[in-house]
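Peer 1: Structure incoming, see below.
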Amino acid sequence: MTDKSNEKSVRASSSGGESSSESALVTQHGRTTITDSVVSKIAGISTRDVSGVYALGGGAARAVGAIRERIPGSRTNHGQGVSVEVGERQAAVDVEIVAEYGVAIADLAEAVRRNVIASLERMTGLEVTEVNVTVQDVYIEGVESSDDTDDEQQSRVQ
């Protein structure tokens, strides 16, 4: 028996019963369920595979991840910095990354999107509707990053 609290079932469309076109996840022989954690893990690994991505997650997530990795017997959280929304046949992904200095950020974001979409669609059969990439920081070798921002300064752009 599986724990249903953290998983979303992949189902056929409820309008009019079974649709005439079967997906790889819903067939006449049964249904395949993919949890959010599986989708986020695949997205995290495929994001890390892109050259120019230094790390995943914002400052707090990376700090927690660093502490977690120091605990004996713990494993790397491949879903760190990734949030997903999994529907019946589709998935949407948000990733937070730290880019390496010197990499063209627009090109990096597009490469992340391509890799995440290709990996998820190939491995899960879900249609990926969007991959939103947030660049949280830029890694400069030999320079410690500061995630401090000046909250009192007003934005000059909208």
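Peer 1: From GLY44, GLY57, GLY65, GLY17, which residue is at pLDDT below 55 and under 16 Å from the mean Cα position of the chain (by Cα)?
Peer 2: GLY65
Peer 1: Let me ask you something else. Contact list please: Cβ distance under 8 Å, first residue in the range 98-124 and in a helix (DSSP H, G or I), second residue exposed (fewer than 13 other Cβ atoms within 10 Å of the Cβ) and not β-branched (Val, Ile, Thr), pairs at least six apart or on different chains.
Peer 2: Cβ pairs passing all conditions: ALA111/SER51.
Peer 1: Before we move on, is SER51 modelled with pLDDT of 95 or more, in a helix (DSSP H, G or I) and of a type outside the set (A, V, I, L, M, F, W, C)?
Peer 2: Criteria not met by SER51.
Peer 1: Next up: Part of a loop (DSSP other than H, G, I, E, B), at pLDDT 90 or above and either surrounded by fewer than 19 Cβ atoms within 10 Å (Cβ to Cβ) or not aromatic (Phe, Trp, Tyr) (or both): does that describe ILE34?
Peer 2: Yes: the conditions hold for ILE34.
Peer 1: Sticking with this one: Within the range 115-123, does at least one residue satisfy the condition of being basic (Lys, Arg) and exposed (fewer than 13 other Cβ atoms within 10 Å of the Cβ)?
Peer 2: Within the range 115-123 (the criterion being basic (Lys, Arg) and exposed (fewer than 13 other Cβ atoms within 10 Å of the Cβ)), the answer is yes, since at least one residue qualifies.
Peer 1: Could you list, in sequence order, the residues of the range 79-102 that are surrounded by fewer than 19 Cβ atoms within 10 Å (Cβ to Cβ) and among the aliphatic types (A, V, I, L, M)?
Peer 2: Result: ALA92, single match.
Peer 1: Can ALA91 be described as within 14 Å of the chain's Cα centre (by Cα), of a type outside the set (Lys, Arg) and at pLDDT 90 or above?
Peer 2: In short, yes.
The values are calculated or read from the model by the stated rules, or taken from the named source; none is laboratory data. If you're wondering where the values come from, they're calculated on a predicted model, not measured in any experiment. With ideal geometry, Cβ positions are generated from the backbone for all residues, glycine too; neighbour counts draw on all protein chains shown.
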